[in-house]
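The numbers here are math on the coordinates, done by the rules we state, and not lab data. This structure is a prediction, so every number in the text was calculated from the model and none was measured. Here Cβ is always computed from backbone atoms with ideal geometry, including for glycine, and neighbour counts include all displayed protein chains.
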Amino acid sequence: DCPLYNAHMEAVLLVGTLFSWPCVYLSLLSAADVQGNPMTWDRYYSLEDIEKYMEYLADKHDFISTVDIGQTHEGRSIKVLKLEWGSRKNASVLIVGGIHANEHIGPAATLFLLNHILESKINRTSQDFQDVNYYFIAVANPDGYKYSFETDRSWRKNREPILLKNNKTVYGVDLNRNWKTGWKRHKRPWQPDYSGPQPFSAAETKALANFIRKNITNLNTFVTIHNYGQYIIYPWTHVTAPIRDYKHIRKLAEKMAFAIKGQGGPMYNVGSGAKKLAIVPGTPENWVRRVVEVKYVFSLILRDQGTYGYEVPPELISVVAGDAVAAVNSLVTHMKFSRRVQSVR
């Protein structure tokens, strides 16, 4: 018997369950530990430890590399970990966590997903992740994450200083609202959702946008990882008008939700950001979909629904991150099938 957790993070017991998320992923973790993997999934890690782990993987595997794509206001590197195998003609998938500094599960889930894909590659336990180049940004907001981790747990934005008209200084731009598509001016810089003085004013969003435009070949899947609320969101977030292929994208989002449910997780809500949640201007999903014309663009807003909120207990990291694995697995499987169908036409 193996314990699972429901939407409220209450332990439940599934009698006779052979393959449930906690059991499967703890077994993967044990194998990784034996191989010398320095990261476990029962605690949250500092920015420095996360970066050391990324360098460790790059040193250990010849198909993994890290690249600094820019610097934050405080001079920290924004790091991308690349898993590239086979042809550059492969489809590319970009996973971004840690946009909001207080969502510590974002970087943890991004690394957990990375570890699962790496295990799949090494052990060839799944074809769903093969023949795809992956790019991971575990911490898209390094300054904010470090500040949240060490000083103010609730801190959400980056740490860019904003000088007010009264010569007082406040800090931070919401990196989830600083992208050009649908950007809207915010008149209160002290608010946690301040969108910045102009689009791409933040060093972090500018660096990520430049990297996406100039350095990723055949990008057709873009996923951001957030919490909390249990949603699978697709564009648009700044207007209620549907994207042109919304029926197809909605069905795919529903597949992802059922994949999570099928592995013992809760049922995630599905819909466009503007209709399902609220009008949110200037998000990366809008820009990547409209400007870069990436077909598969989603935001995974992980568990729970308020019991723990942004402070998911460390012992539940593998459970919550398992939802991201199920969803991305389903998404990549669909994406690869669609590419094969198109290639034979």
Worksheet entry | From phi via Karplus (6.51, -1.76, 1.60), per-residue ³J(HN,Hα) for region 140-148 in Hz, x at Gly/Pro | 7, 10, x, 4, x, 4, 4, 5, 5
Fill in: Convex hull per residue volume in Å³, alpha carbons only, for region 237-308
98
Practice prompt. Note down the net charge around Gly282, summing +1 for each Lys or Arg and -1 for each Asp or Glu among other residues with Cβ under 14 Å from its Cβ.
Written response: +4
Worksheet item: Around Ile162, which amide H atoms from residues at least 5 apart in sequence, or from another chain, sit under 5 Å from its own amide H, with H modelled in the peptide plane?
Response: Val170, Tyr171, Gly172
Worksheet item: In units of 2.2 N^0.38 Å, what is the alpha-carbon radius of gyration of region 94-225?
Response: 1.20
Fill in: Taking N as its residue count, the alpha carbon Rg of region 39-112 over 2.2 N^0.38 Å
1.17
Worksheet item: Amide H to amide H under 5 Å from Thr181: which residues, 5+ apart in sequence or cross-chain, H placed 1.01 Å off N in plane?
Response: Trp287
Worksheet item: Mind ordering 101-109, 232-240 by average Cβ neighbours within 10 Å, highest first?
Response: 101-109, 232-240
Worksheet item: By what distance, in whole Å, do the Cα atoms of region 195-249 stretch along each of the three principal axes, largest value first?
Response: 34, 30, 23
Discussion item. For the ranges 210-218, 161-169, 309-317, what's the packing order if you count other beta-carbon atoms within 10 Å of each residue, average per peptide, and put the highest first?
Written reply: 309-317, 210-218, 161-169
Worksheet item: From the phi of every residue in region 95-100, what ³J(HN,Hα) in whole Hz does the Karplus formula 6.51 cos²θ - 1.76 cosθ + 1.60 yield, where θ is phi - 60° and glycine or proline is x?
Response: 10, 10, x, x, 5, 9
Practice prompt. Sorted from largest down, give the three principal axis spans of the alpha carbons of region 56-158, whole angstrom values.
Written response: 42, 24, 24
